[in-house]
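The values are calculated or read from the model by the stated rules, or taken from the named source; none is laboratory data. Predicted model only: the values in this text are computed from it and were never measured. Keep in mind that these areas ignore ligands, DNA and RNA; they rest on the heavy atoms of the full protein, side chains included. Shrake-Rupley method; radii C 1.70, N 1.55, O 1.52, S 1.80 Å.
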Amino acid sequence: AGVAVYASDAWHLQSRLSDVLRRLLPAGTDPGDFELHAAEIKSPTHGRPAAPPVWAAIPHDLRMQILREAYHAFRTYRPLDARFPLVLFGAVVEGNNRDGRAYEEVLHKFDEMLARRGRDLGERQTGLVIHDKRAIERDVQRTAQTWREIAGRMGQLTHLADVPLFADSRVSRLIQAADLTSWALWRY
């Protein structure tokens, strides 16, 4: 799943998500220590091995309230420029190659959205993909570069400014927003 946000809105959306934590976490806790990773919020003792279980110290009802309010921040977000709305999208696929196919679907949905927006506005639109840092980084970048030069199963990516970039989701509320989107789609 992904979240497409115009560059001038990125800070504002991140601030809204951080505000949820600042308002709701107990006094004396640092919101920067808490990643909005939905699976960890719901079940903190079953989190990723590398992630400290900071959510385990937060009562279940409060964790669920934080999730609800984080999703509310998406639902009620209004961009600075109405021509560039917040777009949430994702892909659900069946079969053995779910991750590769889903990733290709999401990249193409993003590319198609940029093409459509460019046609509507009469100017070429390009975008950056920022992905959670993982061991698959090199493979994803190589594959995306190939799709930028030669069409893949779904066509050529023509509106990406560069190969996908990778960052640590613990420090990026936008990557956390994509995780919340993915988790909601998975739960649906």
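Note on region 156-177: among residues that are among the hydrophobic types (A, V, I, L, M, F, W, C), at pLDDT 80 or above and open to solvent by 20 Å² or more (accessible area, probe 1.4 Å), the one that is farthest from the chain's Cα centre (by Cα) is 161. Of the helices (runs of 4 or more DSSP H) lying entirely inside region 52-155, the ones with 1 or more residues being closer than 18 Å to residue 181 by Cα and modelled with pLDDT of 95 or more are found at 60-75.
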